[in-house]
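Participant: Got a structure for you, questions after.
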Amino acid sequence: MNLILLGPPGAGKGTQAKRLEQVHGLKQLSTGDMLRAEVAAGSELGQKAKAIMDAGQLVSDEIIIAMIAAKLDTPECQNGVIFDGFPRTVAQADALDKMLTAKGCPLTAVIELQVDEDVLVDRLNNRISEMTARGEAPRSDDNAETLRKRLQVYRDQTAPIIPYYERKKTLRSVDGMADIDDVAAQIDAVLNNGGPMGAARQLRP
Ligand code: AMP
């Protein structure tokens, strides 16, 4: 089983991906986590990516596609993958399609977490206050200004992959504003019985 979790930053993709890893034995592939590991390691790629990430912009398709291609061939990905934060452009979606076709393991579903952007900004501010209270430092791209930029980038560059997957009939949408267990239950319903195709149209304004 290969899944994409799609949705703007802060929609809860990482939380749901971690649960799907445990329940279904899939491997979470988060391009954001891979890039942060490069930044932490101080690699050349990490140094290049950091400024782009801090500005809320997208790292180049070429770099991201090469990162995913290298991971897909590792043994830990052979039971299936949850793509988290990838693809973020139509070019990335096309490249993924070709990679999975070549491996003979197509996408099972693209699950879109639909959320209200204003609530995401509130959630982020709450998260930062909680972290500050615990004496923890937020991620360097974790602030309201960068989030707004990232939401704009999502609308401009990532949202066009929604019709792309609608055409391929792999898109399923769930209400990402529900609480974590409820979102998880909606995702399980999609995986168990294909889920309601029409939900996307009902939830999106
Ligand atoms: P994330 O943790 O998925 O929100 O990603 C953090 C940042 O890493 C993003 O704001 C981008 O700068 C970069 N990034 C992560 N995934 C991608 C991707 N698929 N394409 C381009 N840039 C990405």
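Participant: Here are the criteria: (1) in contact with a Leu (Cβ under 8 Å, 6 or more places away or on another chain); (2) within 8 Å of the ligand (Cβ to nearest atom); (3) over 24 Å from Asn143 (Cβ atoms). Tell me which single one Val81 does not satisfy.
Facilitator: For Val81, the exception is condition (2).
Participant: What number of residues within segment 8-24 are within 11 Å of the ligand (Cβ to nearest atom), in contact with a Lys or Arg (Cβ under 9 Å, 6 or more places away or on another chain) and assigned to a helix (DSSP H, G or I)?
Facilitator: Qualifying residue count, segment 8-24: 0.
Participant: Which ranges mark the helices (runs of 4 or more DSSP H) fully within segment 113-205 that have 2 or more residues being modelled with pLDDT under 95 and surrounded by 12 or more Cβ atoms within 10 Å (Cβ to Cβ)?
Facilitator: By residue number, 117-133, 144-153, 180-193, 199-203.
Yes/no matrix, rows are residues, columns are (1) of a type in the set (Val, Ile, Thr); (2) on the phi > 0 side of the Ramachandran plot:
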| site | (1), (2) |
| --- | --- |
| Ile4 | yes, no |
| Gln16 | no, no |
| Glu21 | no, no |
| Gly25 | no, yes |
| Asp33 | no, no |
| Gln78 | no, no |
| Gly85 | no, yes |
| Lys103 | no, no |
| Leu107 | no, no |
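Participant: Is it the case, given these coordinates, that Gly104 is surrounded by fewer than 20 Cβ atoms within 10 Å (Cβ to Cβ), within 25 Å of Gln186 (Cα to Cα), small (Gly, Ala, Ser) and modelled with pLDDT under 95?
Facilitator: No, not satisfied.
Participant: Now for a different question. Can you tell me which residues in segment 25-54 are under 17 Å from the mean Cα position of the chain (by Cα) and part of a helix (DSSP H, G or I)?
Facilitator: Thr31, Gly32, Asp33, Met34, Leu35, Arg36, Ala37, Met53
Participant: A follow-up question, please. Determine, yes or no, whether Gln22 is farther than 21 Å from Pro160 by Cβ and under 15 Å from the mean Cα position of the chain (by Cα).
Facilitator: When the stated conditions are applied, Gln22 does not pass them.
Participant: Return yes or no: is Ala93 in contact (Cβ under 8 Å) with a residue 40 or more places away in the chain and more than 7 Å from the ligand (Cβ to nearest atom)?
Facilitator: Answer is yes for this residue.
Participant: Among the residues of segment 25-40, which ones are within 11 Å of the ligand (Cβ to nearest atom) and either charged (D, E, K, R) or within 21 Å of Leu147 (Cβ to Cβ) (or both)?
Facilitator: Once the filter is applied, which keeps residues that are within 11 Å of the ligand (Cβ to nearest atom) and either charged (D, E, K, R) or within 21 Å of Leu147 (Cβ to Cβ) (or both), segment 25-40 yields Ser30, Thr31, Gly32, Asp33, Met34, Leu35, Arg36, Glu38, Val39.
Participant: Something else now. Kindly check whether there is at least one residue in segment 79-95 that is modelled with pLDDT under 95 and loosely packed, with under 15 Cβ neighbours inside 10 Å.
Facilitator: Yes, segment 79-95 contains at least one residue that is modelled with pLDDT under 95 and loosely packed, with under 15 Cβ neighbours inside 10 Å.
Participant: Let me ask you something else. Can you tell me which residue is farthest from Asp141 (Cα to Cα) among those in segment 41-68 that are more than 13 Å from the ligand (Cβ to nearest atom) and not hydroxyl-bearing (Ser, Thr, Tyr)?
Facilitator: Among those that are more than 13 Å from the ligand (Cβ to nearest atom) and not hydroxyl-bearing (Ser, Thr, Tyr), it is Glu44.
Per-residue answers, yes or no, for (1) of a type in the set (S, T, N, Q); (2) surrounded by fewer than 19 Cβ atoms within 10 Å (Cβ to Cβ); (3) touching a residue at least 12 places away in the same chain (Cβ under 8 Å):
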| position | (1), (2), (3) |
| --- | --- |
| Leu3 | no, no, yes |
| Pro9 | no, no, yes |
| Gly25 | no, yes, yes |
| Ser30 | yes, no, yes |
| Gln47 | yes, yes, no |
| Ala51 | no, yes, no |
| Asp54 | no, yes, yes |
| Gln57 | yes, yes, yes |
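The values are calculated or read from the model by the stated rules, or taken from the named source; none is laboratory data. The shown structure was predicted, so the numbers you read here are calculated from the model rather than taken from an experiment. As a convention, Cβ positions derive from the backbone with ideal geometry for all residues, glycine included, and neighbour counts pool all protein chains shown.
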